[in-house]
Amino acid sequence: MKEFSEFRMPKAVFYGQNSLSQLGRLTAEHGSKVLLVSDRIMEQLGHVKRCIEYFEQHNLTFVSYLDVNSEPTDQHVTEALHLCEIEKCDVIVAIGGGSCIDAAKAVAVLATNEGYIGDLGGKTSINKDPLPLIAIPTTAGTGSEVTNVTVITNTQLDIKMMIKHHAFLPSVAIVDPSLTLSTPSHVTAATGIDTLCHAIEAYISRLSQPLTQNMAAAAIESVMKYLRTAYQNGNDLEAREKMAIASMQAGLAFTNASVTLVHGMSRPIGALFHVPHGISNAMLLPAVLEFTKEYAIDSLAELGRIIAPNLKALSNKELADVTIKEIKQLCADLKIPNMKAWGVDEIKFKQVVEKMATDALASGSPGNNPRVPTLQEMIKLYQHCYNYDFQPAQTINL
């Protein structure tokens, strides 16, 4: 058992219906000139306008950067940072999915620390506090509003860079479940499975601790109970609220216990084939759990008791199988595609699969998995996932 553990989170979290109404007051407490980071969809939905109205009520001046897309890149960061600097902004507000929040995190840190975003926390140290950041998620998935991680694509190398440092923690998170009501069903599915991945990986991670396991378990229970409802009926506010809280819980869990093999393998798929993050995670999750099962029987059995309490008398091995079976069924119900069905080109896939495996291992996340694959095992696991069938039970022997 570890001698001690560390647990970090934002200084303040506001959650529940109508919590967005606090935005103007909270922003004014942190600065006077706002950089609002978002995207065109948030603008179309009226969320950007609502933020601006709250700024104006508190006499705040602002500028907006609305060109983040589904996968934030170093180019987005450069453009938003330039706007922040020339306008002399002293507080940042991000509203949208994890992409908007991740881009804003990078800008907040770079505004006070020189260097390239990919070097921060590694080759280049972060010595100065970032600009205050208020993060407002509009999807229940990434948990980025409470994490110390940003994921940015290096456009020169086609690599998704996961950069982890406490400086990337937002100052304030506002989690208003009503903002997720407009989320389309396919995005609800993708972001919901992302939440599940965060929670499961945090639970089985070699770096897990009691606090992270408690939060991860609560998130898993909510996802398995409410994600189908949110997917089938996007106006069900109870399901949306439960998923929003689960996303936040899973975010707090993995930011303190780390993700593992699923996320390590997922990033290269997103970088090279532009598959949305939640979908690429979902493509991998059941197969990775089957690969990991024999090294995490007890942990997966504990999750089985949460997911299927009526079966808790089964043996640990049987309960681990139940866990994987239930997760596969959830993916099937949400119509999660494999890579082939998504449209990942098979010829290019075969050409880059070794690079994907190399990049995945280099990210460090797979090293936190109970079973750490070799490079060749990773390549075979990618190949297995390309045509993965979510319906029948499968056994992976690599």
Pick from region 17-26 the residues that are open to solvent by 80 Å² or more (accessible area, probe 1.4 Å) and within 24 Å of the chain's Cα centre (by Cα): which of them is farthest from Val91 (Cα to Cα)?
-> Gln17
If Ile117 satisfies every condition in (1) open to solvent by 10 Å² or more (accessible area, probe 1.4 Å); (2) at pLDDT below 95; (3) not basic (Lys, Arg) but one, which is the exception?
-> (1)
Among the hydrophobic types (A, V, I, L, M, F, W, C), under 19 Å from Asp194 (Cα atoms) and part of a helix (DSSP H, G or I): does that describe Leu303?
-> yes
The one condition Arg8 fails out of (1) more than 30 Å from Leu237 (Cβ to Cβ); (2) touching an Asp or Glu at 6+ places or on another chain (Cβ under 9 Å) is (2)
Would you check if there is a residue in region 149-163 being assigned to a loop (DSSP other than H, G, I, E, B), of a type outside the set (Phe, Trp, Tyr), at pLDDT below 95 and under 24 Å from Leu26 (Cβ atoms)?
-> no
Among the residues of region 130-147, is there at least one that is on the phi > 0 side of the Ramachandran plot and modelled with pLDDT under 95?
-> yes
For Thr78, the lone unmet condition from (1) at negative phi; (2) buried (at least 19 other Cβ atoms within 10 Å of the Cβ); (3) not aliphatic (A, V, I, L, M) is (2)
Index of the failed condition, Tyr382 passing every other in (1) open to solvent by 20 Å² or more (accessible area, probe 1.4 Å); (2) out of contact with any Phe, Trp or Tyr (no Cβ under 7 Å at 6 or more places or on another chain); (3) at pLDDT 95 or above = (1)
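Within region 258-272, is even one residue part of a helix (DSSP H, G or I), at negative phi and open to solvent by 30 Å² or more (accessible area, probe 1.4 Å)?
Checked against the condition, which is being part of a helix (DSSP H, G or I), at negative phi and open to solvent by 30 Å² or more (accessible area, probe 1.4 Å), region 258-272 yields no hits at all.
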Among the numbered conditions (1) out of contact with any Gly (no Cβ under 9 Å at 6 or more places or on another chain); (2) open to solvent by 60 Å² or more (accessible area, probe 1.4 Å); (3) at negative phi, tell me where Val34 comes up short.
-> (2)
Within region 1-10, the count of residues that are exposed (fewer than 14 other Cβ atoms within 10 Å of the Cβ) and over 20 Å from the mean Cα position of the chain (by Cα) comes to 5
May I ask you to say which residue of Ala135, Ala108 is under 30 Å from Thr229 (Cα atoms), of a type in the set (A, V, I, L, M, F, W, C) and either buried (at least 24 other Cβ atoms within 10 Å of the Cβ) or without any contact (Cβ under 8 Å) to a residue 12 or more places away in the chain (or both)?
-> Ala135
Picking from Glu43, Glu29, the residue that is acidic (Asp, Glu) and either surrounded by 17 or more Cβ atoms within 10 Å (Cβ to Cβ) or over 23 Å from Leu169 (Cβ atoms) (or both) would be Glu43
Where Leu35 falls short, out of the listed (1) touching a helix residue (DSSP H, G or I) at 6+ places or on another chain (Cβ under 6 Å); (2) under 21 Å from Asp67 (Cβ atoms); (3) free of Cβ contacts under 8 Å to residues at least 40 places away in the same chain | (3)
Take the residues of region 46-75 that are within 16 Å of Ile174 (Cβ to Cβ) and of a type in the set (A, V, I, L, M, F, W, C): which is most open to solvent (accessible area, probe 1.4 Å)?
-> Ile52
Does any residue in region 205-221 that is in a helix (DSSP H, G or I) come within less than 9 Å, Cβ to Cβ, of a residue that is among the charged types (D, E, K, R) six or more places away or on a different chain, and which pairs are these?
-> Gln213/Glu302; Ala216/Glu201; Ala217/Glu302
Restrict the check to region 274-292 and report whether at least one residue is open to solvent by less than 10 Å² (accessible area, probe 1.4 Å), at pLDDT below 95 and under 15 Å from Thr358 (Cα atoms).
-> no
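Restricting to region 225-251, name every residue that is surrounded by fewer than 21 Cβ atoms within 10 Å (Cβ to Cβ), assigned to a helix (DSSP H, G or I) and of a type outside the set (Ser, Thr, Tyr).
If the condition is that a residue be surrounded by fewer than 21 Cβ atoms within 10 Å (Cβ to Cβ), assigned to a helix (DSSP H, G or I) and of a type outside the set (Ser, Thr, Tyr), then Lys225, Arg228, Gln232, Leu237, Glu238, Ile245 are the ones that fit.
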Looking for whichever is more than 14 Å from the chain's Cα centre (by Cα), hydroxyl-bearing (Ser, Thr, Tyr) and open to solvent by 30 Å² or more (accessible area, probe 1.4 Å) here; the options are Thr155, Thr180. Which one fits?
-> Thr155
Those residues of region 306-347 that are farther than 30 Å from Ala230 by Cβ, at pLDDT 95 or above and either outside any helix (DSSP H, G or I) or open to solvent by less than 80 Å² (accessible area, probe 1.4 Å) (or both) come to a total of 4
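The values are calculated or read from the model by the stated rules, or taken from the named source; none is laboratory data. Everything numeric in this text was worked out from a predicted model, so none of it was measured. As a convention, Cβ positions derive from the backbone with ideal geometry for all residues, glycine included, and neighbour counts pool all protein chains shown. These area figures cover heavy atoms from the full protein model, side chains too; ligands, DNA and RNA do not enter into them. Shrake-Rupley method; radii C 1.70, N 1.55, O 1.52, S 1.80 Å.
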